[in-house]
């Protein structure tokens, strides 16, 4: 059964076409990365899946129902590039926010928050304020919040884009561990080729202006992925494959003269 | 599996208001030195230059008068303070309510906000004599409460509305992802975001409330009012008495301001700028 089905989706902002004719189907338990140059509409596509933006054309089905219905039923959790934690809430209360909205009882909330903070290894930070934590820890709180109500689908919009390489690699491992433990489906937006290959079961490569899917690359690296996965020859092969697919999408950029030359000749 | 080492984490702020004040005592030392020095300089200059009492009395004679007239002053001060407090409470709470309504229904805000901003700029105190006529010739507290409330209303309204509408887009996006209703968005995002703005409005309002009450009394009132006391003593050339009244008005205004600042500190302990 597919958790997300995207059929012929287009999005125009005024006369700018952000997305054109997107078709993707994501099965249960998949980890799908959307990768592409900035401006290719990958974040827009994620927001369309989450019903935070309406498509101009096309159809989105999440968990077998329209995206709007899925949002109202709280079928997905979302993690943004910015952790979006509320300073007026403690770490524990930030994690409990979606549970509060779903009217869970106080005891059930407390138990789940404890469990979630354990999952992201932040036990002991319940009463801290978000701004007292490092960027990586804030993003882990945000992940705990997104997972707290057991959504079937997790949408992640460049969650580690603002973090340093070391923190990013550590959080990649954590996301994989959480994905294995929770069995949820993940749609992950990134602009890092290595990150996409390392995490995913499938990489969707997009091109810019207009945003289109240029290729879909299955990642056949063995599960579970470990730190040594990054050193396997197959990993490098796949990284190269994704890189070439990305360049294919921006073919014009490669053959066109450099901007300075263009200006001089114009 | 990786173990995340918690690095560079600041401790949860602890300690009550007492500790905060204690720590600040050192910070306040320079200001206290300036205050004492200023009063000493005032005293010294008035004595050295033989300044006439009707121009500027010595701080020592103001203090003596203050002490001698303390029961009369306190009586008048309390009366006026109640007016200011009433006006502050009514004006501010009404302003917050109106701001909530305007923030909820934006078209209403678009229609009314320009007038609120314009009203915020006009010298409302100029209406004080008229307000006195509206309420029993100004002999009761209600005319001063009215003028103080009107003075407080606009700055609190404008600040609260600005706070309620300056929510970060991503904060709202998160709430939309939970299919949150308007009540929930106001309770969980808009109002907490607006709190620092509301308090800066309230602090401006405390000052305006005292001005409204005292100046309102200048245009008519009974003997038990501080503004009337100041005016009458000036007319009969008892300048140290008038100055003692002014000093009391200042102290009461500062007290109200400090009370709101403490409430702000209590309400905004979560904020990085309050806890730091």
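Does residue A:218 count as surrounded by fewer than 24 Cβ atoms within 10 Å (Cβ to Cβ), farther than 27 Å from residue A:63 by Cβ and touching a strand residue (DSSP E or B) at 6+ places or on another chain (Cβ under 8 Å)? So residue A:218 does not fit the description; no. Looking only at residues in the stretch A:76-98 that are part of a loop (DSSP other than H, G, I, E, B) and in contact with a strand residue (DSSP E or B) (Cβ under 6 Å, 6 or more places away or on another chain), the one that is nearest to residue B:188 (Cα to Cα) is A:80. Restricting the search to the stretch B:131-171, which residues are touching a helix residue (DSSP H, G or I) at 6+ places or on another chain (Cβ under 7 Å) and either under 20 Å from residue A:50 (Cα atoms) or at the interface with another protein chain (Cβ under 10 Å from one of its Cβ atoms) (or both)? Within the stretch B:131-171, B:171 is the sole residue that qualifies. In the set B:125, B:90, only one residue is closer than 26 Å to residue B:195 by Cα and either under 23 Å from the mean Cα position of the chain (by Cα) or without any contact (Cβ under 8 Å) to a residue 24 or more places away in the chain (or both); that residue is B:90.
Scanning the stretch A:180-212 for residues that are surrounded by fewer than 22 Cβ atoms within 10 Å (Cβ to Cβ) and within 14 Å of chain B (Cβ to nearest Cβ) yields a total of 2. When residue A:125 is tested against (1) within 24 Å of residue B:185 (Cβ to Cβ); (2) facing another protein chain (nearest Cβ under 9 Å), just one condition goes unmet, and that condition is (1). If you take the residues of the stretch A:101-122 that are at pLDDT below 90 and away from every other protein chain (no Cβ under 13 Å), which of them is nearest to residue A:83 (Cα to Cα)? Within the stretch A:101-122, the match that is nearest to residue A:83 (Cα to Cα) is A:116.
Being in contact with a helix residue (DSSP H, G or I) (Cβ under 7 Å, 6 or more places away or on another chain) and either farther than 29 Å from residue A:5 by Cα or at pLDDT 90 or above (or both) is the filter; apply it to the stretch A:145-157 and report the residue that is farthest from the other protein chains (Cβ to nearest Cβ). It would help to see each step written out before you state the result.
Initially, the stretch A:145-157 is screened for residues in contact with a helix residue (DSSP H, G or I) (Cβ under 7 Å, 6 or more places away or on another chain), giving A:145, A:147-149, A:154-155, A:157.
Right, trim to either farther than 29 Å from residue A:5 by Cα or at pLDDT 90 or above (or both) and you get A:145, A:154-155, A:157.
Working: A:145: 9, A:154: 12, A:155: 8, A:157: 10 Å.
Looking at residues that are in contact with a helix residue (DSSP H, G or I) (Cβ under 7 Å, 6 or more places away or on another chain) and either farther than 29 Å from residue A:5 by Cα or at pLDDT 90 or above (or both), I get A:154.
Scanning the stretch A:92-100 for residues that are within 12 Å of chain B (Cβ to nearest Cβ) and surrounded by fewer than 14 Cβ atoms within 10 Å (Cβ to Cβ) turns up nothing.
The values are calculated or read from the model by the stated rules, or taken from the named source; none is laboratory data. Everything quoted here is computed from the prediction, not taken from an experiment. Neighbour counts run over all protein chains shown; Cβ positions are idealised from the backbone, glycine included.
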